[in-house]
Amino acid sequence: MALKDKNILLCVTGSIACYKSIDLYRRLAREGANVKIIVSASAAKFISPYIFKSFGEDVFADDAFKSPLAHIFLSKYADLILIAPATYNTINKLACGIADTLITLAISASRDKPKVMVPAMNPDMFAGKILKDNIDKLMGHNFRFVSPETGNTACGDFGEGKFPDINDIVFELESVFKEKTLKNRRVLITAGATREYLDPVRFISNASSGKMGISLANEAVNLGADVSLIALNIDTSCKYINKKVKITDCIGFNDLKETLMDEFKQCDILFMAAAVSDYSFKEESPTKIKKTGKGLNIELIQNEDLLKAISRIKEKKQIVFGFAAETDDIIDNGRKKLVEKSLDYIFINDVSQDIIGRDENEGFLIEKTGKVKRFEREPKAALAQKLLAEIN
Ligand code: CTP
């Protein structure tokens, strides 16, 4: 909840996407932010400012002369100014220092307060050279931009210009308020569950969803790290993963081993959140196995322990963070794994507590020093923040 109690000045300008600012506003309110809103004269032709007023918010119509000092008051109020959607016109005007509306006036008086722009427009307009030059110029003045999405826009064209996912916007806002404690650090995360195939259609795996690893990846980006995620059989389309996370998809143990060993050499911190199959089938049939009317004996062979393999090549400056799924004697079992696998940290999930696949998690963190800390059940995103803070 990095936005809790933050004062956000939401400036809505006249793109067809401005109706999406209503959902954006509601999300900011849910995150605990205080919001004041300016609706530009063009935006007010698409959506009525009364929509925001009905939520009880302070809404200012773009009439700079009605209240001559409103832009100063609003600018002083804001911890952050969010322009969403930001039109071609507004972006270009701001880059030229034009201040002829309540929104551009408020921004002109905002000094070095953080400003986040969310462009949304026709793809041909977004591709325009003048706009690109002005975006570069504003970035040089510490304006941040959330890139639009590629897709079908309201005008029927296809390309980059759609109002982005609200999660992407909130992510960028949160990151404004976070200290970049992992700047220049490379963080590698494994998430999800391996699949070991018996034949082309059957496999063994487990119920790990990958949500904890994804939460760690998003949070590490927020702290300024370069993040690589090795995703094991995760349906990434239905989970929010920030665009800055580099994703490599893997399926089985061998695939994971090869990618992990290669990427580990370049990383500073490894979070081994993936559930790795301890066994594979001795033989994988290239064709579907048919039933015979009798029982079927299948031989499994034990897979190598990847964290033990990592510990043999680990350099002193690298941090390795393991996870453990336990149902009983959880602290003792976790401690044993920490030692056997030469880990710096281990987080023990008590899987008897109905947490697999859920959005929340709880458990114990054990450090190499032997220190144990309990973490109560909370959303995985919040837990990820705390685990990264422990490492810092
Ligand atoms: N792990 C690994 N290689 C394996 C199995 C697990 O590197 N072949 C890693 C997991 O990614 C996790 C940690 O080891 O970070 C602990 O995994 P867990 O499944 O709890 O324990 P195991 O070591 O497999 O032991 P057991 O299943 O016997 O409890």
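The values are calculated or read from the model by the stated rules, or taken from the named source; none is laboratory data. A quick note: this is a predicted structure, and the numbers were derived from the prediction, not measured. Every residue, glycine as well, gets a Cβ built from its backbone with ideal geometry; the counts of neighbours run over all protein chains shown. Heavy atoms of the whole protein, side chains included, go into the accessibility calculation; ligands, DNA and RNA do not. Shrake-Rupley method; radii C 1.70, N 1.55, O 1.52, S 1.80 Å.
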Only one of these conditions is not met by L102: (1) in contact with a Leu (Cβ under 7 Å, 6 or more places away or on another chain); (2) open to solvent by less than 10 Å² (accessible area, probe 1.4 Å). Which number is it? (1)
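When you check K178 against the structure, is it touching a Gly at 6+ places or on another chain (Cβ under 7 Å), not polar (S, T, N, Q) and not in a helix (DSSP H, G or I), yes or no?
Details: touching a Gly at 6+ places or on another chain (Cβ under 7 Å): no; not polar (S, T, N, Q): yes; not in a helix (DSSP H, G or I): yes.
Answer is no for this residue.
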Selected residue (criterion: farthest from the chain's Cα centre (by Cα)) from residues of the stretch 22-71 that are farther than 25 Å from P164 by Cβ and among the polar types (S, T, N, Q): S67
For the stretch 60-74, state whether one or more residues are open to solvent by 60 Å² or more (accessible area, probe 1.4 Å), under 20 Å from D23 (Cα atoms) and in a loop (DSSP other than H, G, I, E, B). no
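Inside the stretch 197-301, counting only strands (runs of 3 or more DSSP E) that do not spill past its ends, which hold 2 or more residues that are surrounded by 16 or more Cβ atoms within 10 Å (Cβ to Cβ), in contact (Cβ under 8 Å) with a residue 24 or more places away in the chain and within 16 Å of the ligand (Cβ to nearest atom)? Outline the logic, then answer.
Working: elements: 226-232, 246-250, 269-272, 279-281.
The qualifying strands (runs of 3 or more DSSP E) are 226-232, 269-272, 279-281.
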Could you check, for the stretch 116-127, whether at least one of its residues is touching a Gly at 6+ places or on another chain (Cβ under 9 Å), part of a loop (DSSP other than H, G, I, E, B) and buried (at least 21 other Cβ atoms within 10 Å of the Cβ)? yes
In a loop (DSSP other than H, G, I, E, B), under 30 Å from N167 (Cα atoms) and either open to solvent by 90 Å² or more (accessible area, probe 1.4 Å) or within 14 Å of the ligand (Cβ to nearest atom) (or both): is that true of I356 in this structure? yes
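Has the stretch 84-93 got any residue that is open to solvent by 30 Å² or more (accessible area, probe 1.4 Å) and assigned to a loop (DSSP other than H, G, I, E, B)? Let's see the steps before the verdict.
In the first step, residues of the stretch 84-93 are kept if they are open to solvent by 30 Å² or more (accessible area, probe 1.4 Å); the result is 88-89, 93.
In the following step, the residues that additionally are assigned to a loop (DSSP other than H, G, I, E, B) were identified as none.
Within the stretch 84-93, none of the residues are open to solvent by 30 Å² or more (accessible area, probe 1.4 Å) and assigned to a loop (DSSP other than H, G, I, E, B).
Give the residue, chosen from V339, V351, that is open to solvent by 50 Å² or more (accessible area, probe 1.4 Å) and within 13 Å of the ligand (Cβ to nearest atom). Steps first, please.
On the way: V351 fails: open to solvent by 50 Å² or more (accessible area, probe 1.4 Å).
One residue alone meets the criteria, V339.
Just the residues that are open to solvent by 50 Å² or more (accessible area, probe 1.4 Å) and at pLDDT 95 or above, please, taken from the stretch 5-18. Steps first, please.
Going through the stretch 5-18, the residues open to solvent by 50 Å² or more (accessible area, probe 1.4 Å) turn out to be 5-6, 16.
Hits for the stretch 5-18 are D5, K6.
Anything in the stretch 302-319 that is more than 9 Å from the ligand (Cβ to nearest atom) and surrounded by 12 or more Cβ atoms within 10 Å (Cβ to Cβ)? List them, or say none. Spell out the reasoning first.
Quick first cut of the stretch 302-319, residues more than 9 Å from the ligand (Cβ to nearest atom) only: 311-319.
Once the filter is applied, which keeps residues that are more than 9 Å from the ligand (Cβ to nearest atom) and surrounded by 12 or more Cβ atoms within 10 Å (Cβ to Cβ), the stretch 302-319 yields S311, K314, Q318, I319.
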Among the residues of the stretch 139-154, the number that are open to solvent by 80 Å² or more (accessible area, probe 1.4 Å) and assigned to a loop (DSSP other than H, G, I, E, B) is 3
